[in-house]
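Since the structure comes first, as structure tokens, the remarks are kept for the end.
Please treat every number below as a calculation from the coordinates, not as lab data. Only a predicted model underlies this, so the values are computations on that prediction, with no experimental measurement involved. Cβ atoms come from the backbone with ideal geometry, glycine included; neighbour counts cover every protein chain shown.
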């Protein structure tokens, strides 16, 4: 009997030790998470061939919003051949809290001048986002996701003055979004797991909140596909990863 | 003896495994689908006090539905290749778990009753016939069988049906107000200013799989895909027809306005069993087509 009691208390003690140690470890990860980052530039080599102007004449309201016809946004190149709207995220190597923490800010997907602004909105799994419309014409927001991923499909209208739609996605997926009323309107909800960034008009990006460790970074561009790179982040320092996509 | 039975067992097991793995593999199913097939479907459906059961639905499905919807429920039956949208829409792919006719909000699964009603009613302007020749139990069994094709039913529950307040009396004010809703939320963008499906966006419409699709023409005497009672019309625009360009308007049309819109839509239809009053009011008011704002 005595022996048994002894072993019982040993189990309890070791459980407590493991729990405390675990909590300490987790805390360390959380504090480290704010420090490291991965930064770089995404560029395009060659000339994009599929970009053309958009004819909005089917809806006079839309056409009136633009003095010069706007271009398709499937490939957007800025100064120094920087490639915009590329989503960069960590596809391998995340282990702790940073993989499951969901950002509390809500990215916005605006329908303005019968365009999606931004064209690509990146977000974490379960992160809330808002769809708003500043247009005086009716849009429908129709995410075309792969039903097998677990994301639930929907198709909602936003007439002029409609309230924002707040929603989120449950699985990582690059979800193409369209408006059936204005067939040229096309964008993406880029749903990824863990820290991410979207390249700006010069192709520059920074993924914040990356703890020290070795990772695979994936760069995704809607027409040009994906590229990956191995990156090592040392505590507190920015690591760099440069990407170049070849124009199709 | 023990060795013999062990041998027998393992032989039997490998034979079962070989059959189980080779059959669905030939038909190129996903791993999720493979699991569905290996687990004999035991799902049920409940329509009022009738309980349907999937195993009983299977032979009915194989006899009557498989030609279009396919053995695997993927909408790729033998006949499917000859259907050419938008004139003949392709058969529903049950694996996706996305359905047009629902009483539930967009993005949710339909109720068993919704699927049952679709089987009973058929889908006008498509090759889906009216199946009211089946008994109630057969239809309930089919619903249970259809549900086993999509993993969505394992993970999610049907949505909560939208609330439909009692139908008010049709009045000239309501028909007029309904026309204002039609103009305001811009139904005409696809359905046209006179409801004859010639709106500016009508010609470019595609379904979720990129196939051309038509907006409903209120004036050609056909029935709306998801039913032609006043409540059906109410449900159609409030919940939207998932998988098609028709979005849900439940966030943007109030319940009272929705009835107004139903009455106006009725007035656009040619004479039928439901719309004598609305058509009379429309004539008396001398309603002109809405303006493209």
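Using the count of nearby Cβ atoms within 10 Å as a rough guide to exposure, how do A:125, A:181, B:98 rank from fewest to most?
Numbers: A:125 18, A:181 27, B:98 24.
Ranking A:125, A:181, B:98 by Cβ neighbours within 10 Å, fewest first, gives A:125, B:98, A:181.
For a quick check: sort A:233, B:79 by the number of other beta carbons within 10 angstrom, fewest at the front. Before the final figure, lay out the partial values.
Numbers: A:233 23, B:79 15.
Result, fewest neighbours first: B:79, A:233.
Here B:254, B:235 are placed in order of increasing Cβ neighbour count within 10 Å, fewest first, which gives B:254, B:235.
Spin-label model, residue B:292/residue B:255: points 7 Å from Cα along the beta carbon direction are separated by 3.7 nm. Once both labels are positioned 7 Å from their Cα atoms along Cα-to-Cβ, the gap between residue B:81 and residue A:117 label points is 5.0 nm. Only Cα pairs under 8 Å and 6+ residues apart enter the sum, and on that basis the relative contact order of chain A stands at 30 percent. The Cα atoms of the range A:122-163 give a gyration tensor whose axes a ≥ b ≥ c have a/c of 1.5 or more with a/b no greater than b/c, which makes the shape oblate.
Spatial offset of the range B:237-263 relative to the range A:136-175 amounts to 16 Å, using the alpha carbon center of each.
Helical runs assigned H by DSSP (4 residues or longer) give chain A a calculated mean residue ellipticity at 222 nm of -5500 deg cm²/dmol, each run adding -39500 (n - 2.57) before division by the residue total.
Model label sites at residue B:271 and residue A:242, defined 7 Å from Cα along the beta-carbon direction, differ in position by 7.9 nm.
Please list the three semi-axes, largest first and in whole Å, of the ellipsoid equivalent to chain B, using sqrt of 5 times the eigenvalues of its alpha carbon gyration tensor.
Details: eigenvalues 397, 73, 50 Å².
After scaling each eigenvalue by five and taking roots: 45, 19, 16 Å.
Is the shape of the range B:44-155 best called rounded, prolate or oblate, per the rule: a/c under 1.5 gives rounded, else a/b larger than b/c gives prolate, else oblate, with a ≥ b ≥ c the square roots of the Cα gyration tensor eigenvalues? In terms of gyration-tensor shape, rounded.
Taking Cα atoms only, the orientation of helix B:112-121 departs from the longest principal axis of chain B by about 70 degrees.
Quick one: grab the alpha carbon gyration tensor of the range B:207-256, order the square roots of its eigenvalues as a ≥ b ≥ c, and give me rounded if a/c is under 1.5, else prolate or oblate depending on whether a/b is larger than b/c. Oblate, since a/c reaches 1.5 and b/c is not below a/b.
What relative contact order, as a whole-number percentage, does the range B:172-285 give when Cα pairs under 8 Å and 6 or more residues apart are counted?
Values: 159 pairs, mean separation 35.7, N = 114.
That works out to 31 percent.
Report the far tail of the P(r) of the protein assembly as shown, meaning the percent of Cα-Cα pairs longer than 32 Å. Value for the protein assembly as shown: 56 percent of Cα pairs lie more than 32 Å apart. Mean-square fluctuations from a GNM of chain A, with a 10 angstrom spring cutoff on Cα atoms, peak among A:112, A:178, A:64 at A:64.
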